[in-house]
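The values are calculated or read from the model by the stated rules, or taken from the named source; none is laboratory data. Model, not experiment: these values are computed from the prediction. Cβ: placed from backbone, ideal geometry, glycine included. Neighbour counts: every protein chain shown. Side chains included, ligands, DNA and RNA excluded: accessible areas come from the protein's heavy atoms. Shrake-Rupley method; radii C 1.70, N 1.55, O 1.52, S 1.80 Å.
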Amino acid sequence: MVASYCRVSTDKEDQANSFASQQRYFKEYIDRQPDWELYRVYADEGITGTSTKKRVQFNHMISDAKMGKFQIILTKEVSRFSRNILDTIGYTRELKALGVGVLFMNDGINTLEPDAELRLSIMGSIAQEESRKTSTRVKWGQTRQMERGVVFGRSMLGYDVKNGTLTINPEGAELVRLIFHKYGVEGKGTSVIAREMREAGFLTYTGNSRWNNSHIVKILKNEKYVGDLVQKKTYTPDYLTHQKKYNYGAEEKVCLTDHHEAIIDRDLWNTVQAELARRNRHGQLGVRHGNRYVFSGKIKCGLCGSSFVSRKKHYQNGTFTKKWCCFTAVQEGTSHLDLMGNAVGCDIGQLVRDDFAHEVLNTAAGAVLTSHRWAAGQITACTKAEIQRSETTGEDNAEKLEYEIQQVKQKKEGILDAFFSKDITKEEMRWMNERYDCQLGELQAALRAARERDQLSYETETLQGDVKAHLKALLDREVDEPFQKEILDTMIVYPGRRLEVRLNLLPAKWRFVLDAIAHIRRQSGCHYDPSVPISVRRACNSG
(Lines give C-alpha, C1' and ligand atoms only; values in the text may rest on other atoms or scores of the structure.)
Protein backbone atom coordinates (compact mmCIF):
# COMPACT_ATOMS: atom_id res chain seq x y z
CA MET A 1 0.00 0.00 0.00
CA VAL A 2 1.25 3.48 -0.92
CA ALA A 3 0.08 6.88 0.37
CA SER A 4 1.01 10.35 -0.82
CA TYR A 5 1.22 13.74 0.86
CA CYS A 6 0.99 17.18 -0.71
CA ARG A 7 0.70 20.70 0.67
CA VAL A 8 0.50 24.32 -0.46
CA SER A 9 1.07 27.16 1.98
CA THR A 10 -1.42 29.67 0.51
CA ASP A 11 -4.88 29.59 -1.04
CA LYS A 12 -4.00 31.73 -4.07
CA GLU A 13 -5.34 30.54 -7.42
CA ASP A 14 -1.96 29.50 -8.87
CA GLN A 15 -1.14 27.55 -5.73
CA ALA A 16 -4.58 25.94 -5.77
CA ASN A 17 -3.93 24.75 -9.33
CA SER A 18 -0.57 23.34 -8.24
CA PHE A 19 -2.32 21.67 -5.33
CA ALA A 20 -4.78 19.88 -7.60
CA SER A 21 -2.05 18.91 -10.07
CA GLN A 22 0.06 17.41 -7.26
CA GLN A 23 -2.79 15.15 -6.20
CA ARG A 24 -3.46 14.13 -9.83
CA TYR A 25 0.23 13.44 -10.47
CA PHE A 26 0.59 11.12 -7.45
CA LYS A 27 -2.50 9.11 -8.37
CA GLU A 28 -1.29 8.63 -11.93
CA TYR A 29 2.28 7.81 -10.83
CA ILE A 30 1.12 5.11 -8.39
CA ASP A 31 -1.24 3.63 -10.98
CA ARG A 32 1.76 3.12 -13.32
CA GLN A 33 3.62 0.99 -10.75
CA PRO A 34 2.57 -2.65 -11.13
CA ASP A 35 3.14 -3.66 -7.50
CA TRP A 36 1.75 -0.50 -5.91
CA GLU A 37 -1.77 0.26 -4.78
CA LEU A 38 -2.91 3.72 -3.74
CA TYR A 39 -4.22 3.81 -0.19
CA ARG A 40 -4.98 7.52 0.07
CA VAL A 41 -3.82 11.02 -0.87
CA TYR A 42 -3.35 13.21 2.21
CA ALA A 43 -3.54 16.91 1.38
CA ASP A 44 -3.26 20.12 3.45
CA GLU A 45 -4.21 23.37 1.72
CA GLY A 46 -3.30 26.88 2.85
CA ILE A 47 -1.20 25.60 5.80
CA THR A 48 2.34 26.63 6.71
CA GLY A 49 5.08 24.02 6.51
CA THR A 50 7.14 25.23 9.50
CA SER A 51 4.86 23.49 12.00
CA THR A 52 2.83 20.28 11.94
CA LYS A 53 0.43 21.26 14.74
CA LYS A 54 -2.32 22.58 12.46
CA ARG A 55 -1.78 20.20 9.55
CA VAL A 56 -4.73 17.91 10.10
CA GLN A 57 -4.10 15.65 7.11
CA PHE A 58 -0.39 15.31 7.90
CA ASN A 59 -1.14 14.21 11.45
CA HIS A 60 -3.84 11.86 10.16
CA MET A 61 -1.26 10.31 7.82
CA ILE A 62 1.21 9.72 10.68
CA SER A 63 -1.56 8.14 12.75
CA ASP A 64 -2.50 5.80 9.87
CA ALA A 65 1.16 4.88 9.38
CA LYS A 66 1.37 3.78 13.02
CA MET A 67 -1.60 1.51 12.36
CA GLY A 68 0.24 -0.15 9.44
CA LYS A 69 -2.16 0.98 6.71
CA PHE A 70 0.62 1.64 4.15
CA GLN A 71 4.37 1.10 3.70
CA ILE A 72 5.44 4.02 1.47
CA ILE A 73 4.70 7.76 1.43
CA LEU A 74 5.26 9.77 -1.75
CA THR A 75 5.76 13.53 -1.55
CA LYS A 76 7.00 16.11 -4.02
CA GLU A 77 10.02 17.47 -2.12
CA VAL A 78 11.40 18.02 1.38
CA SER A 79 9.90 21.52 1.65
CA ARG A 80 6.41 20.12 0.96
CA PHE A 81 6.84 17.57 3.75
CA SER A 82 8.15 20.12 6.30
CA ARG A 83 10.24 23.28 6.45
CA ASN A 84 11.26 22.51 10.03
CA ILE A 85 14.44 20.39 10.05
CA LEU A 86 13.63 18.87 13.45
CA ASP A 87 10.17 17.80 12.24
CA THR A 88 11.61 16.40 9.01
CA ILE A 89 14.23 14.25 10.75
CA GLY A 90 11.97 13.32 13.66
CA TYR A 91 9.03 12.13 11.58
CA THR A 92 11.11 10.29 8.98
CA ARG A 93 12.97 8.46 11.76
CA GLU A 94 9.70 7.54 13.42
CA LEU A 95 8.26 6.29 10.12
CA LYS A 96 11.43 4.34 9.31
CA ALA A 97 11.19 2.58 12.69
CA LEU A 98 7.67 1.54 11.65
CA GLY A 99 8.96 0.20 8.34
CA VAL A 100 7.47 3.10 6.37
CA GLY A 101 9.68 4.85 3.85
CA VAL A 102 9.25 8.39 2.53
CA LEU A 103 10.14 9.06 -1.13
CA PHE A 104 10.90 12.70 -1.95
CA MET A 105 10.37 12.67 -5.72
CA ASN A 106 12.13 15.88 -6.84
CA ASP A 107 15.01 15.46 -4.36
CA GLY A 108 15.64 11.81 -5.18
CA ILE A 109 15.68 10.75 -1.52
CA ASN A 110 14.34 7.47 -0.14
CA THR A 111 14.50 7.44 3.66
CA LEU A 112 15.00 3.66 3.70
CA GLU A 113 18.42 4.07 2.01
CA PRO A 114 21.56 4.20 4.25
CA ASP A 115 22.69 7.75 3.34
CA ALA A 116 19.16 9.23 3.33
CA GLU A 117 19.41 11.04 6.67
CA LEU A 118 22.52 13.04 5.71
CA ARG A 119 21.01 14.15 2.44
CA LEU A 120 17.70 14.81 4.13
CA SER A 121 19.41 16.92 6.82
CA ILE A 122 21.03 19.08 4.19
CA MET A 123 17.89 19.52 2.11
CA GLY A 124 15.75 20.03 5.20
CA SER A 125 18.13 22.67 6.54
CA ILE A 126 18.07 24.49 3.22
CA ALA A 127 14.25 24.39 3.23
CA GLN A 128 14.17 25.74 6.80
CA GLU A 129 16.63 28.51 5.96
CA GLU A 130 14.53 29.47 2.95
CA SER A 131 11.51 29.65 5.23
CA ARG A 132 13.44 31.93 7.60
CA LYS A 133 14.45 34.22 4.73
CA THR A 134 10.86 34.31 3.48
CA SER A 135 9.62 35.19 6.98
CA THR A 136 12.18 38.00 7.23
CA ARG A 137 11.20 39.40 3.83
CA VAL A 138 7.50 39.27 4.69
CA LYS A 139 8.03 41.05 8.03
CA TRP A 140 10.16 43.73 6.35
CA GLY A 141 7.51 44.28 3.67
CA GLN A 142 4.68 44.45 6.22
CA THR A 143 6.58 47.03 8.29
CA ARG A 144 7.10 49.24 5.24
CA GLN A 145 3.37 48.98 4.45
CA MET A 146 2.48 49.86 8.05
CA GLU A 147 4.68 52.96 7.80
CA ARG A 148 2.64 53.97 4.74
CA GLY A 149 -0.57 53.61 6.76
CA VAL A 150 -1.81 50.20 5.61
CA VAL A 151 -3.83 48.61 8.40
CA PHE A 152 -3.04 45.01 9.38
CA GLY A 153 -5.84 43.72 11.54
CA ARG A 154 -9.49 42.80 11.70
CA SER A 155 -12.66 44.85 11.88
CA MET A 156 -13.76 45.95 15.34
CA LEU A 157 -16.59 47.71 17.11
CA GLY A 158 -17.01 51.03 15.27
CA TYR A 159 -14.63 50.34 12.38
CA ASP A 160 -14.58 48.06 9.36
CA VAL A 161 -11.20 47.05 7.92
CA LYS A 162 -11.11 46.34 4.19
CA ASN A 163 -8.07 46.31 1.90
CA GLY A 164 -5.91 47.82 4.65
CA THR A 165 -8.23 50.80 5.25
CA LEU A 166 -10.29 51.75 8.32
CA THR A 167 -13.82 53.07 7.71
CA ILE A 168 -16.38 54.01 10.35
CA ASN A 169 -19.27 51.65 10.99
CA PRO A 170 -22.11 54.00 12.11
CA GLU A 171 -23.94 51.56 14.39
CA GLY A 172 -20.80 50.41 16.16
CA ALA A 173 -19.52 53.98 16.40
CA GLU A 174 -22.62 55.02 18.37
CA LEU A 175 -21.92 52.30 20.96
CA VAL A 176 -18.29 53.44 21.25
CA ARG A 177 -19.39 57.05 21.80
CA LEU A 178 -21.90 55.88 24.42
CA ILE A 179 -19.22 53.96 26.33
CA PHE A 180 -16.79 56.88 26.30
CA HIS A 181 -19.54 59.28 27.41
CA LYS A 182 -20.61 57.05 30.29
CA TYR A 183 -17.04 56.76 31.54
CA GLY A 184 -15.54 60.17 30.76
CA VAL A 185 -18.59 62.44 31.23
CA GLU A 186 -20.98 60.58 33.55
CA GLY A 187 -18.14 59.15 35.64
CA LYS A 188 -19.48 55.58 35.71
CA GLY A 189 -17.23 52.60 36.39
CA THR A 190 -16.46 49.91 33.87
CA SER A 191 -18.50 47.25 35.69
CA VAL A 192 -21.54 49.54 35.76
CA ILE A 193 -21.14 50.35 32.06
CA ALA A 194 -20.86 46.65 31.18
CA ARG A 195 -24.03 45.86 33.14
CA GLU A 196 -25.95 48.72 31.52
CA MET A 197 -24.85 47.61 28.05
CA ARG A 198 -26.07 44.08 28.77
CA GLU A 199 -29.36 45.23 30.24
CA ALA A 200 -29.99 47.49 27.26
CA GLY A 201 -29.55 44.50 24.93
CA PHE A 202 -26.55 45.95 23.04
CA LEU A 203 -24.30 43.40 21.35
CA THR A 204 -20.52 43.31 21.20
CA TYR A 205 -18.82 43.23 17.80
CA THR A 206 -18.85 39.42 17.88
CA GLY A 207 -22.61 39.39 18.53
CA ASN A 208 -22.33 38.52 22.21
CA SER A 209 -24.50 40.30 24.78
CA ARG A 210 -22.26 39.37 27.71
CA TRP A 211 -20.27 42.56 28.13
CA ASN A 212 -17.69 42.65 30.93
CA ASN A 213 -15.54 45.35 32.45
CA SER A 214 -12.28 44.14 30.88
CA HIS A 215 -14.01 44.46 27.47
CA ILE A 216 -14.98 48.05 28.32
CA VAL A 217 -11.44 48.91 29.45
CA LYS A 218 -10.04 47.49 26.20
CA ILE A 219 -12.33 49.80 24.21
CA LEU A 220 -11.46 52.82 26.35
CA LYS A 221 -7.73 52.23 25.79
CA ASN A 222 -7.89 51.65 22.03
CA GLU A 223 -6.17 54.58 20.34
CA LYS A 224 -7.91 53.88 17.01
CA TYR A 225 -11.06 55.57 18.32
CA VAL A 226 -9.25 58.93 18.50
CA GLY A 227 -7.87 58.53 14.96
CA ASP A 228 -4.39 57.24 15.84
CA LEU A 229 -2.88 53.95 14.73
CA VAL A 230 -0.36 51.83 16.62
CA GLN A 231 0.72 48.59 14.95
CA LYS A 232 3.10 45.75 15.88
CA LYS A 233 1.59 45.52 19.36
CA THR A 234 2.40 41.83 19.06
CA TYR A 235 5.26 40.13 17.27
CA THR A 236 6.37 36.61 16.33
CA PRO A 237 9.79 35.85 17.81
CA ASP A 238 10.07 32.37 16.25
CA TYR A 239 9.17 31.79 12.60
CA LEU A 240 8.92 28.04 13.27
CA THR A 241 6.28 28.10 16.02
CA HIS A 242 4.39 31.22 14.77
CA GLN A 243 3.44 31.98 18.40
CA LYS A 244 2.71 35.66 19.00
CA LYS A 245 3.88 37.63 22.03
CA TYR A 246 2.99 41.08 23.30
CA ASN A 247 5.56 43.62 22.13
CA TYR A 248 7.00 45.30 25.21
CA GLY A 249 9.89 46.87 23.32
CA ALA A 250 11.38 43.82 21.63
CA GLU A 251 10.56 45.42 18.26
CA GLU A 252 9.81 49.02 17.36
CA LYS A 253 6.11 49.76 17.04
CA VAL A 254 4.70 51.73 14.10
CA CYS A 255 2.76 54.75 15.42
CA LEU A 256 0.79 57.18 13.23
CA THR A 257 -1.14 60.17 14.63
CA ASP A 258 -4.41 61.36 12.99
CA HIS A 259 -4.22 58.40 10.62
CA HIS A 260 -7.97 58.02 9.99
CA GLU A 261 -11.35 59.56 10.83
CA ALA A 262 -11.85 59.59 14.61
CA ILE A 263 -14.96 58.46 16.48
CA ILE A 264 -13.99 60.21 19.75
CA ASP A 265 -12.63 63.77 19.91
CA ARG A 266 -9.19 64.18 21.44
CA ASP A 267 -10.39 66.18 24.47
CA LEU A 268 -12.70 63.36 25.59
CA TRP A 269 -9.98 60.82 24.81
CA ASN A 270 -7.47 62.65 27.01
CA THR A 271 -10.05 62.94 29.81
CA VAL A 272 -10.76 59.20 29.69
CA GLN A 273 -7.07 58.25 29.66
CA ALA A 274 -6.36 60.49 32.66
CA GLU A 275 -9.28 58.96 34.57
CA LEU A 276 -8.16 55.43 33.68
CA ALA A 277 -4.70 56.22 35.02
CA ARG A 278 -6.11 57.79 38.19
CA ARG A 279 -8.41 54.86 38.96
CA ASN A 280 -5.68 52.36 38.19
CA ARG A 281 -3.37 54.06 40.69
CA HIS A 282 -6.04 53.78 43.35
CA GLY A 283 -6.95 50.19 42.45
CA GLN A 284 -10.53 51.09 41.51
CA LEU A 285 -10.73 49.52 38.06
CA GLY A 286 -11.57 46.12 39.47
CA VAL A 287 -9.89 44.47 36.50
CA ARG A 288 -6.60 43.32 37.91
CA HIS A 289 -5.07 43.62 41.37
CA GLY A 290 -1.86 41.79 40.53
CA ASN A 291 -0.24 40.55 43.73
CA ARG A 292 -1.09 43.49 45.98
CA TYR A 293 -3.25 41.34 48.26
CA VAL A 294 -2.69 37.90 49.74
CA PHE A 295 -5.93 36.56 48.25
CA SER A 296 -5.88 38.30 44.85
CA GLY A 297 -6.89 35.70 42.28
CA LYS A 298 -6.70 32.87 44.83
CA ILE A 299 -10.23 32.84 46.26
CA LYS A 300 -12.41 30.97 43.76
CA CYS A 301 -16.17 30.52 43.48
CA GLY A 302 -17.24 26.91 43.90
CA LEU A 303 -20.26 27.45 41.61
CA CYS A 304 -19.10 29.45 38.58
CA GLY A 305 -15.31 29.28 38.98
CA SER A 306 -14.78 33.06 38.95
CA SER A 307 -12.22 34.70 41.19
CA PHE A 308 -13.41 36.66 44.20
CA VAL A 309 -12.69 40.40 44.18
CA SER A 310 -12.30 42.71 47.15
CA ARG A 311 -14.82 45.33 48.18
CA LYS A 312 -14.57 47.83 51.02
CA LYS A 313 -17.41 49.16 53.14
CA HIS A 314 -16.68 52.49 54.82
CA TYR A 315 -18.38 53.63 58.03
CA GLN A 316 -19.09 57.13 59.30
CA ASN A 317 -16.52 56.81 62.07
CA GLY A 318 -13.77 56.45 59.46
CA THR A 319 -13.31 52.68 59.79
CA PHE A 320 -13.99 50.12 57.08
CA THR A 321 -14.27 46.39 56.52
CA LYS A 322 -12.95 44.52 53.53
CA LYS A 323 -14.85 41.60 52.03
CA TRP A 324 -14.33 39.26 49.12
CA CYS A 325 -17.17 38.40 46.74
CA CYS A 326 -17.70 36.51 43.48
CA PHE A 327 -16.78 38.64 40.46
CA THR A 328 -19.61 37.15 38.36
CA ALA A 329 -22.15 37.90 41.09
CA VAL A 330 -20.84 41.49 41.42
CA GLN A 331 -21.13 42.08 37.69
CA GLU A 332 -24.33 40.23 36.85
CA GLY A 333 -26.16 39.61 40.14
CA THR A 334 -27.92 36.34 40.92
CA SER A 335 -28.59 33.73 38.23
CA HIS A 336 -31.16 34.91 35.67
CA LEU A 337 -31.82 35.22 31.95
CA ASP A 338 -30.88 38.53 30.37
CA LEU A 339 -32.88 40.28 27.64
CA MET A 340 -31.24 38.09 24.99
CA GLY A 341 -32.11 34.86 26.80
CA ASN A 342 -28.56 34.16 28.00
CA ALA A 343 -28.04 32.61 31.43
CA VAL A 344 -25.99 35.07 33.50
CA GLY A 345 -25.14 35.68 37.13
CA CYS A 346 -24.13 33.45 40.04
CA ASP A 347 -26.06 32.21 43.10
CA ILE A 348 -23.08 31.64 45.41
CA GLY A 349 -24.49 34.32 47.73
CA GLN A 350 -21.39 34.30 49.94
CA LEU A 351 -19.23 37.17 51.14
CA VAL A 352 -15.95 36.31 52.87
CA ARG A 353 -14.61 38.84 55.32
CA ASP A 354 -10.92 39.50 54.83
CA ASP A 355 -10.13 38.81 58.50
CA PHE A 356 -11.98 35.47 58.34
CA ALA A 357 -9.99 34.50 55.23
CA HIS A 358 -6.72 35.34 56.99
CA GLU A 359 -7.78 33.36 60.03
CA VAL A 360 -8.71 30.29 58.00
CA LEU A 361 -5.40 30.42 56.11
CA ASN A 362 -3.36 30.83 59.29
CA THR A 363 -5.16 27.90 60.89
CA ALA A 364 -4.44 25.59 57.94
CA ALA A 365 -0.82 26.78 57.70
CA GLY A 366 -0.39 26.37 61.46
CA ALA A 367 -1.60 22.77 61.24
CA VAL A 368 1.09 22.06 58.66
CA LEU A 369 3.90 23.80 60.49
CA THR A 370 3.17 22.03 63.76
CA SER A 371 3.07 18.59 62.10
CA HIS A 372 6.71 18.14 61.12
CA ARG A 373 6.63 14.39 60.49
CA TRP A 374 3.43 14.44 58.39
CA ALA A 375 4.40 17.51 56.35
CA ALA A 376 7.94 16.22 55.78
CA GLY A 377 6.53 12.93 54.52
CA GLN A 378 4.12 14.64 52.13
CA ILE A 379 6.70 17.03 50.69
CA THR A 380 9.35 14.29 50.50
CA ALA A 381 6.97 12.07 48.52
CA CYS A 382 6.19 14.90 46.09
CA THR A 383 9.89 15.75 45.69
CA LYS A 384 10.98 12.14 45.12
CA ALA A 385 8.22 11.57 42.58
CA GLU A 386 9.31 14.66 40.63
CA ILE A 387 12.97 13.62 40.73
CA GLN A 388 12.16 10.10 39.54
CA ARG A 389 9.91 11.47 36.79
CA SER A 390 12.62 13.79 35.50
CA GLU A 391 15.22 11.01 35.62
CA THR A 392 13.12 8.55 33.62
CA THR A 393 11.23 10.80 31.22
CA GLY A 394 13.08 14.11 31.18
CA GLU A 395 14.65 15.45 28.03
CA ASP A 396 18.01 15.80 29.85
CA ASN A 397 18.53 12.03 30.24
CA ALA A 398 22.32 11.49 29.97
CA GLU A 399 22.07 8.38 27.80
CA LYS A 400 19.76 10.11 25.34
CA LEU A 401 22.02 13.17 25.16
CA GLU A 402 25.08 11.02 24.47
CA TYR A 403 23.24 9.37 21.58
CA GLU A 404 22.21 12.74 20.13
CA ILE A 405 25.79 14.03 20.39
CA GLN A 406 27.06 10.99 18.50
CA GLN A 407 24.43 11.53 15.79
CA VAL A 408 25.46 15.17 15.30
CA LYS A 409 29.14 14.18 15.08
CA GLN A 410 28.31 11.64 12.38
CA LYS A 411 26.45 14.33 10.45
CA LYS A 412 29.49 16.63 10.69
CA GLU A 413 31.71 13.88 9.29
CA GLY A 414 29.31 13.38 6.40
CA ILE A 415 29.33 17.06 5.41
CA LEU A 416 32.90 16.87 4.03
CA ASP A 417 32.03 13.80 1.95
CA ALA A 418 28.98 15.58 0.57
CA PHE A 419 31.16 18.60 -0.35
CA PHE A 420 33.78 16.53 -2.19
CA SER A 421 30.98 14.66 -3.96
CA LYS A 422 29.71 18.10 -5.08
CA ASP A 423 26.33 17.45 -3.46
CA ILE A 424 26.63 20.75 -1.57
CA THR A 425 28.49 24.02 -2.15
CA LYS A 426 31.32 25.41 -0.02
CA GLU A 427 28.94 27.99 1.46
CA GLU A 428 26.41 25.28 2.36
CA MET A 429 29.19 23.19 3.95
CA ARG A 430 30.34 26.14 6.11
CA TRP A 431 26.76 26.95 7.10
CA MET A 432 26.02 23.32 8.04
CA ASN A 433 29.26 23.07 10.05
CA GLU A 434 28.38 26.17 12.07
CA ARG A 435 24.90 24.82 12.71
CA TYR A 436 26.13 21.44 13.94
CA ASP A 437 28.84 23.07 16.10
CA CYS A 438 26.13 25.12 17.80
CA GLN A 439 24.02 21.99 18.38
CA LEU A 440 27.03 20.14 19.82
CA GLY A 441 27.74 22.97 22.26
CA GLU A 442 24.17 22.97 23.55
CA LEU A 443 24.01 19.16 23.85
CA GLN A 444 27.36 18.92 25.65
CA ALA A 445 26.31 21.59 28.16
CA ALA A 446 23.06 19.70 28.79
CA LEU A 447 25.04 16.44 29.20
CA ARG A 448 27.30 17.99 31.85
CA ALA A 449 24.25 19.19 33.78
CA ALA A 450 22.60 15.75 33.50
CA ARG A 451 25.72 13.98 34.80
CA GLU A 452 25.97 16.35 37.76
CA ARG A 453 22.34 15.60 38.57
CA ASP A 454 22.91 11.86 38.33
CA GLN A 455 25.69 12.10 40.91
CA LEU A 456 23.33 13.47 43.53
CA SER A 457 22.00 11.10 46.20
CA TYR A 458 18.31 11.23 47.00
CA GLU A 459 18.19 8.99 50.05
CA THR A 460 14.79 9.25 51.75
CA GLU A 461 16.15 9.85 55.26
CA THR A 462 18.52 12.58 54.05
CA LEU A 463 15.75 14.22 52.06
CA GLN A 464 13.32 14.10 55.00
CA GLY A 465 15.96 15.61 57.26
CA ASP A 466 16.42 18.51 54.85
CA VAL A 467 12.66 19.01 54.61
CA LYS A 468 12.25 19.00 58.39
CA ALA A 469 15.01 21.59 58.72
CA HIS A 470 13.22 23.85 56.22
CA LEU A 471 9.93 23.32 58.04
CA LYS A 472 11.52 24.29 61.34
CA ALA A 473 12.78 27.49 59.71
CA LEU A 474 9.24 28.14 58.47
CA LEU A 475 7.82 27.49 61.94
CA ASP A 476 10.12 30.08 63.45
CA ARG A 477 9.20 32.56 60.74
CA GLU A 478 6.65 35.29 61.36
CA VAL A 479 3.29 34.57 59.71
CA ASP A 480 3.22 37.72 57.61
CA GLU A 481 1.68 38.51 54.22
CA PRO A 482 4.69 37.35 52.12
CA PHE A 483 4.52 33.99 53.91
CA GLN A 484 0.75 33.74 53.32
CA LYS A 485 1.17 34.52 49.61
CA GLU A 486 3.85 31.86 49.32
CA ILE A 487 1.96 29.04 51.02
CA LEU A 488 -1.60 29.57 49.73
CA ASP A 489 -2.60 27.81 46.51
CA THR A 490 -6.37 28.39 46.39
CA MET A 491 -9.30 28.98 48.69
CA ILE A 492 -12.63 27.74 47.25
CA VAL A 493 -15.97 29.07 48.50
CA TYR A 494 -18.99 26.74 48.31
CA PRO A 495 -22.66 27.30 49.13
CA GLY A 496 -23.59 26.80 52.77
CA ARG A 497 -20.73 29.08 53.86
CA ARG A 498 -18.18 26.31 53.39
CA LEU A 499 -14.53 27.00 52.57
CA GLU A 500 -11.84 24.69 51.24
CA VAL A 501 -8.16 25.63 51.58
CA ARG A 502 -5.42 24.14 49.43
CA LEU A 503 -1.78 24.84 50.22
CA ASN A 504 1.15 24.71 47.82
CA LEU A 505 3.02 21.39 47.54
CA LEU A 506 0.53 19.50 49.71
CA PRO A 507 -2.23 17.16 48.48
CA ALA A 508 -4.34 17.57 51.64
CA LYS A 509 -7.30 19.97 51.82
CA TRP A 510 -8.70 21.85 54.83
CA ARG A 511 -12.42 22.51 55.05
CA PHE A 512 -14.05 25.15 57.24
CA VAL A 513 -17.54 26.44 57.99
CA LEU A 514 -17.59 30.22 58.29
CA ASP A 515 -20.52 30.23 60.68
CA ALA A 516 -18.61 27.96 63.08
CA ILE A 517 -15.59 30.27 62.97
CA ALA A 518 -17.76 33.32 63.63
CA HIS A 519 -19.45 31.56 66.55
CA ILE A 520 -16.12 30.61 68.16
CA ARG A 521 -14.84 34.15 67.74
CA ARG A 522 -17.95 35.59 69.37
CA GLN A 523 -17.60 33.14 72.26
CA SER A 524 -13.92 33.95 72.79
CA GLY A 525 -14.15 37.66 72.05
CA CYS A 526 -11.15 37.37 69.75
CA HIS A 527 -10.13 40.11 67.36
CA TYR A 528 -8.19 39.62 64.16
CA ASP A 529 -4.45 40.20 64.21
CA PRO A 530 -2.78 39.23 60.90
CA SER A 531 0.50 38.41 62.61
CA VAL A 532 -0.98 36.00 65.18
CA PRO A 533 -2.89 32.86 64.13
CA ILE A 534 -6.06 32.46 66.19
CA SER A 535 -6.69 28.92 67.39
CA VAL A 536 -9.78 27.76 65.57
CA ARG A 537 -10.70 24.10 65.32
CA ARG A 538 -11.31 22.78 61.83
CA ALA A 539 -14.92 22.08 61.05
CA CYS A 540 -13.90 19.00 59.05
CA ASN A 541 -10.81 16.84 58.95
CA SER A 542 -8.33 17.43 56.16
CA GLY A 543 -8.72 15.06 53.26
Next on the checklist: So, in the range 349-361, how many residues would count as being open to solvent by 10 Å² or more (accessible area, probe 1.4 Å) and aliphatic (A, V, I, L, M)?
Outcome noted: 1
Checklist entry - What is the residue count in the range 168-205 for residues that are among the β-branched types (Val, Ile, Thr), open to solvent by less than 60 Å² (accessible area, probe 1.4 Å) and over 17 Å from Glu223 (Cβ atoms)? => result 4
Next on the checklist: What pairs come out if I take residues in the range 251-275 that are touching a residue at least 60 places away in the same chain (Cβ under 8 Å) and pair them with residues that are in a helix (DSSP H, G or I) and open to solvent by 50 Å² or more (accessible area, probe 1.4 Å) whose C-beta lies under 8 Å away, six or more apart or interchain?
Outcome noted: Val254/Glu147; Ile263/Arg177; Ile264/Arg177; Leu268/His181
Checklist entry - Do you know which of the residues in the range 292-326 that are basic (Lys, Arg) and over 23 Å from the mean Cα position of the chain (by Cα) is least open to solvent (accessible area, probe 1.4 Å)? => result Lys322
Checklist entry - Counting only residues that are open to solvent by 70 Å² or more (accessible area, probe 1.4 Å) and over 26 Å from Glu486 (Cβ atoms), which one in the range 281-291 is modelled with the lowest pLDDT? => result Gln284
Item to check | Check on Asn17, modelled with pLDDT under 80 and over 26 Å from Arg132 (Cβ atoms) | outcome: yes
Checklist outcome for this item: Filtering the range 31-58 for residues that are surrounded by 14 or more Cβ atoms within 10 Å (Cβ to Cβ) and at pLDDT 85 or above leaves a count of 8
Checklist entry - Any residue at all in the range 227-238 that is assigned to a loop (DSSP other than H, G, I, E, B), touching a Gly at 6+ places or on another chain (Cβ under 9 Å) and at pLDDT below 85? => result no
